[in-house]
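The values are calculated or read from the model by the stated rules, or taken from the named source; none is laboratory data. Just so it is clear, the structure is predicted and the values come from calculations on it, not from any experiment. Here the Cβ is made from the backbone with ideal geometry for all residues, glycine too, and neighbour counts use every protein chain on show. Remember, those area values only see protein heavy atoms, side chains included, never the ligands or the DNA or RNA. Shrake-Rupley method; radii C 1.70, N 1.55, O 1.52, S 1.80 Å.
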Amino acid sequence: MNARPFGIPLLVASLASATLAIAADPAPPTHFDPKGKPPSQFTIDVLNQARETLPFSDTADFDENKRGLIAPMKDLQIKADAGNVAWDMEQFKFLDQQPEFDSIHPSLQRIAQLNQNYGLYEVIPGIYQIRGFDLAQLTFIRGKTGWIAYDVLVSAETARAGWKLLQEHVGEGLPITAVIYSHNHADHWGGVRGLITDEDVASGKVEVIAPVGFMDHLVAENVFAGNAMNRRLFYQYGTLLPRSAFGYVTQGLGHGVSAGSVGLVAPTRIITKPIDDTSVDGVRVIFQLTLDTEAPAEMNTYLPDQKALWMAENVIAGMHNIYTLRGAPVRDPLNWSKYLNETLWLFGQEAEVMFASHHWPRWGNERIQEVLRAQRDLYANLNNQVLHLANQGVTINQIHNVYEPPKSLQEKWYARGYHGSFEHNSRGVIQRFLGFWDANPATLIPLSPADSAPLYVEMMGGSEAILARGKTLHDEGKYLLAQEILNKLVQAEPGNQPAKDLLADVFEQIGYQQENPGLRNSFLAGAYELRNGIPQGEIAQTTSADTIRAMTTGQWLDFLGIRMDATQAEGMRYTINLITPDNGEEYVIELENATLTNIKGHQAKNPDLTLTIKRSDLEQTMMGQKTIMAQVVEGTAKARGNTAALTDIMALMVTFDPRFEIMPGTKDRSARLPQDEAFEADVGAPIAE
């Protein structure tokens, strides 16, 4: 079975039985959900207003997007090694069936059409891109003796298909001599095993280059809340929504995430200097570290001889996320802006082509400086003006209704909300500096929604009165007001299906009106679950051996502390020494005060148990392939002392439900939860966030 990139194929490929019931409709005008509604006239008016006011006469992006096409990819589907479809462009054919849709924001439809590019493109002679094979683009740069592969997609299968297409046209039969990871998100390294092997690296034929902190941050953002992130991914990424004019349209950065096998070959060369003027396979490159921007470990690259500027994921054809809806630490937009400014003044004064890991290149120095300045100002303005308003008392619950970017930025396509939105990014800035609290004592220790909602329902005259008023508000196109009262009713009465259906109707219209893919997907996914419940189906509990190897032992032990049910650990007290001799690490693990802690580099004098096991063998337990007690029995692990310390702690571990309830009354209580091995690790999906 293919390993999932920290949960991605789990959500895309392994839920086939769940998605069968809502398969993409070949006729876009027909809604995939029997309860689904067409766009209202109010929604149509909102979209028509966008058509009239947005700068659709500016077609420069379309001209740049099609420039340099060498060969389209003929196969619309790329099969995974496991037999499923890893990548499917056929499901996006509906986008070409009519010029506009009343259920898709015209700007969102625009970026979706731009994401239809699918083939091999020349950036300049010697630099080529495989576009449209995955969420990211795969770049090949001609070196002295072979090809430098830059950012190698999510899956081995899509990367391999891209390599084959390159070889068919311009590859000259030359090998890959280097792989460069621009940053630590999985759509930039997961496909590496479709291009190179461990033997290639060990023999010195291929070097693998990454920025400092790459391995540290590879899974660090996604370990501890991984299950919650994956569940929220159902919403932000519309994982289970059909590809349809009434459902999922595109993800903005690209059409989506491939569902193939994910691997990792560790870097052999780490870039540590802020500016590193060096060479890769005879090509002069200048690496610019841009830490804590779009990713914790990231770098741009300038090729001075070609005057070609690679912007990693720091520049895209729109606004990126500062706060990600599925969850991650909030990013620093001012730091991001400052690095863009540094790039502009270091390299942007002479660069003649700018390209990146998403979307398409920009040609000509004037165009490059225009885009760099606008993206710089996009993030600086967001940071500065949100804080300007916050310093005047605007709160996290108001800022998205108050902050507006300058009109000069709103009129530029590459500043539109195609991944991040101004609504949720503005709230993210306040969260970063001030946190969740709006400073009103009434919101400091509030009741949970299910506890407060019944009083609201009572005071509003009961469910029938709320349904009647909610229907009126819906029919008047006052959807945000309608969701306020209907959400209270659903929270108070999770079994009230008419209330859930009406709230779903409201969510659906709000979703249709969104330019941002994550906002659209979230409302439409919520609508589907309210109407039909959370889709069920087989979930493959697999994690790539490569990604497990990237997880430190300390991260794994910390994750076990999260999986442990503290309510069952009262009164327990254990001390365990853990020794992994093959990598020279030692840990003390303590269970006390119903809390599991660990510290590296120490050993307790009088432990209850000393466990000695090679890290390479421990990974079998981390992957759920072999229990720790089985390893003790087999002799691959040596336990000296009271083994009850292990069995008792194992009994405290819980399996997180990958389909926990978000909207009330949507959980299938009869669905059985597959059980993880007690000490198995799992990681959230670190896709392009």
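Mind listing just one residue for me: the one in the range 58-89 that is within 24 Å of the chain's Cα centre (by Cα) and charged (D, E, K, R) and, of those, nearest to TRP413 (Cα to Cα)?
That would be ASP88.
PHE140: of a type in the set (Phe, Trp, Tyr), touching a helix residue (DSSP H, G or I) at 6+ places or on another chain (Cβ under 6 Å) and not in a loop (DSSP other than H, G, I, E, B), yes or no?
It is true that PHE140 is of a type in the set (Phe, Trp, Tyr), touching a helix residue (DSSP H, G or I) at 6+ places or on another chain (Cβ under 6 Å) and not in a loop (DSSP other than H, G, I, E, B).
Among the listed residues ALA23, ALA13, ALA27, ALA18, which satisfies the condition of being within 27 Å of the chain's Cα centre (by Cα), surrounded by fewer than 14 Cβ atoms within 10 Å (Cβ to Cβ) and modelled with pLDDT under 95?
When all the criteria are applied, what remains is ALA23.
Only one of (1) under 23 Å from LEU153 (Cβ atoms); (2) open to solvent by less than 10 Å² (accessible area, probe 1.4 Å); (3) in contact with a helix residue (DSSP H, G or I) (Cβ under 8 Å, 6 or more places away or on another chain); (4) among the hydrophobic types (A, V, I, L, M, F, W, C) fails for LEU240. Which number is that?
(2)
Mind listing whichever residues of the range 197-219 are open to solvent by less than 40 Å² (accessible area, probe 1.4 Å) and in contact (Cβ under 8 Å) with a residue 40 or more places away in the chain?
VAL201, VAL208, ILE209, ALA210, PRO211, GLY213, PHE214, LEU218, VAL219
Being at pLDDT 95 or above, touching a helix residue (DSSP H, G or I) at 6+ places or on another chain (Cβ under 9 Å) and among the polar types (S, T, N, Q) is true for just one of ASN598, ASN606, ASN642. Which residue is that?
None of the others qualify; the one that does is ASN598.
For the range 356-443, give me every one of the helices (runs of 4 or more DSSP H) that falls completely inside it and has 3 or more residues that are open to solvent by 50 Å² or more (accessible area, probe 1.4 Å) and not polar (S, T, N, Q).
365-390, 422-434
Of (1) more than 22 Å from the chain's Cα centre (by Cα); (2) more than 29 Å from GLU90 (Cα to Cα); (3) buried (at least 24 other Cβ atoms within 10 Å of the Cβ), ILE176 satisfies all except one. Which?
Status for ILE176: all satisfied but (3).
Criterion first (over 30 Å from ALA71 (Cα atoms) and assigned to a loop (DSSP other than H, G, I, E, B)) does GLY190 satisfy it?
Criteria not met by GLY190.
Only residues that are of a type in the set (Val, Ile, Thr) and open to solvent by 70 Å² or more (accessible area, probe 1.4 Å): list them for the range 43-72, please.
Within the range 43-72, THR53 is the sole residue that qualifies.
So which residues in the range 591-614 are in contact with a strand residue (DSSP E or B) (Cβ under 7 Å, 6 or more places away or on another chain), open to solvent by less than 20 Å² (accessible area, probe 1.4 Å) and not hydroxyl-bearing (Ser, Thr, Tyr), if there are any at all?
LEU591, LEU609, LEU611, ILE613 - these are the residues of the range 591-614 that are in contact with a strand residue (DSSP E or B) (Cβ under 7 Å, 6 or more places away or on another chain), open to solvent by less than 20 Å² (accessible area, probe 1.4 Å) and not hydroxyl-bearing (Ser, Thr, Tyr).
Determine, yes or no, whether ASN117 is among the polar types (S, T, N, Q), in contact (Cβ under 8 Å) with a residue 60 or more places away in the chain and in a loop (DSSP other than H, G, I, E, B).
Spelling it out, ASN117 is indeed among the polar types (S, T, N, Q), in contact (Cβ under 8 Å) with a residue 60 or more places away in the chain and in a loop (DSSP other than H, G, I, E, B).
Taking helices (runs of 4 or more DSSP H) that do not extend beyond the range 549-663, which have at least 3 residues that are without any contact (Cβ under 8 Å) to a residue 40 or more places away in the chain?
Counting at least 3 such residues, we get 615-622, 628-634, 644-650.
Please go through the range 122-136 and pick out each residue that is among the aromatic types (Phe, Trp, Tyr) and in contact (Cβ under 8 Å) with a residue 60 or more places away in the chain. Let's see the steps before the verdict.
So the first thing to find is which residues in the range 122-136 are among the aromatic types (Phe, Trp, Tyr), and the list is 128, 133.
Of everything in the range 122-136, just one residue is among the aromatic types (Phe, Trp, Tyr) and in contact (Cβ under 8 Å) with a residue 60 or more places away in the chain, namely PHE133.
Looking at the range 651-665, can you tell me whether even one residue there is farther than 30 Å from TYR235 by Cβ and open to solvent by 20 Å² or more (accessible area, probe 1.4 Å)?
Yes: the range 651-665 contains one or more residues that are farther than 30 Å from TYR235 by Cβ and open to solvent by 20 Å² or more (accessible area, probe 1.4 Å).
Quick check on LEU47: is it at pLDDT below 50 and either touching a Ser or Thr at 6+ places or on another chain (Cβ under 9 Å) or part of a helix (DSSP H, G or I) (or both)?
no
Hey, can you tell me all the residues within the range 550-590 that are closer than 21 Å to ALA225 by Cβ and open to solvent by 30 Å² or more (accessible area, probe 1.4 Å)?
Correct list: THR552, ASP558, ILE562, ASP565, ALA566, THR567.
Would you check which residues across the range 204-263 are at pLDDT 95 or above and of a type in the set (Asp, Glu) and list them?
Across the range 204-263, the qualifying residue is only GLU207.
Restricting to the range 501-538, give me the number of residues that are part of a helix (DSSP H, G or I), of a type outside the set (A, V, I, L, M) and open to solvent by 10 Å² or more (accessible area, probe 1.4 Å).
Residues flagged as part of a helix (DSSP H, G or I), of a type outside the set (A, V, I, L, M) and open to solvent by 10 Å² or more (accessible area, probe 1.4 Å) within the range 501-538 amount to 8.
Give ASN184, ASN227 a once-over and let me know the one that is in contact (Cβ under 8 Å) with a residue 12 or more places away in the chain, surrounded by fewer than 23 Cβ atoms within 10 Å (Cβ to Cβ) and more than 24 Å from GLY83 (Cα to Cα).
The conditions single out ASN227.
Out of all the residues in the range 147-173, which are in contact (Cβ under 8 Å) with a residue 40 or more places away in the chain, surrounded by fewer than 22 Cβ atoms within 10 Å (Cβ to Cβ) and touching a Lys or Arg at 6+ places or on another chain (Cβ under 9 Å)?
Within the range 147-173, just VAL170 meets the criteria.
Tally time: how many residues in the range 143-178 are among the aliphatic types (A, V, I, L, M) and assigned to a strand (DSSP E or B)?
4
Output yes when any residue across the range 345-356 is under 24 Å from GLY252 (Cα atoms) and of a type in the set (D, E, K, R), and no when none is.
Checking the range 345-356: not a single residue is under 24 Å from GLY252 (Cα atoms) and of a type in the set (D, E, K, R).
Taking the range 102-136, which residues are aromatic (Phe, Trp, Tyr) and open to solvent by 10 Å² or more (accessible area, probe 1.4 Å)?
TYR118, TYR121, TYR128 - these are the residues of the range 102-136 that are aromatic (Phe, Trp, Tyr) and open to solvent by 10 Å² or more (accessible area, probe 1.4 Å).
Select from the range 428-473 the residues that are of a type in the set (Phe, Trp, Tyr) and more than 17 Å from PRO664 (Cβ to Cβ) and write down the one among them that is farthest from the chain's Cα centre (by Cα).
Once the filter is applied, the top-ranked residue is TRP437.
Six or more apart or on different chains, Cβ under 6 Å: which pairs go from a residue in the range 323-349 that's touching a residue at least 12 places away in the same chain (Cβ under 8 Å) to one that's among the polar types (S, T, N, Q) and open to solvent by 20 Å² or more (accessible area, probe 1.4 Å)? Could you list them?
Note: pairs meeting the criteria are VAL330/GLN431; GLY348/GLN369.
Residue-wise test of (1) at pLDDT below 95; (2) more than 15 Å from GLU342 (Cβ to Cβ); (3) under 28 Å from the mean Cα position of the chain (by Cα); (4) part of a strand (DSSP E or B).
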{"residue": "ILE270", "(1), (2), (3), (4)": "no, yes, yes, yes"}
{"residue": "SER279", "(1), (2), (3), (4)": "no, yes, no, yes"}
{"residue": "VAL285", "(1), (2), (3), (4)": "no, yes, no, yes"}
{"residue": "ASP292", "(1), (2), (3), (4)": "no, no, yes, no"}
{"residue": "MET299", "(1), (2), (3), (4)": "no, no, yes, yes"}
{"residue": "ASP305", "(1), (2), (3), (4)": "no, yes, no, no"}
{"residue": "LEU309", "(1), (2), (3), (4)": "no, no, yes, yes"}
{"residue": "ALA312", "(1), (2), (3), (4)": "no, no, yes, no"}
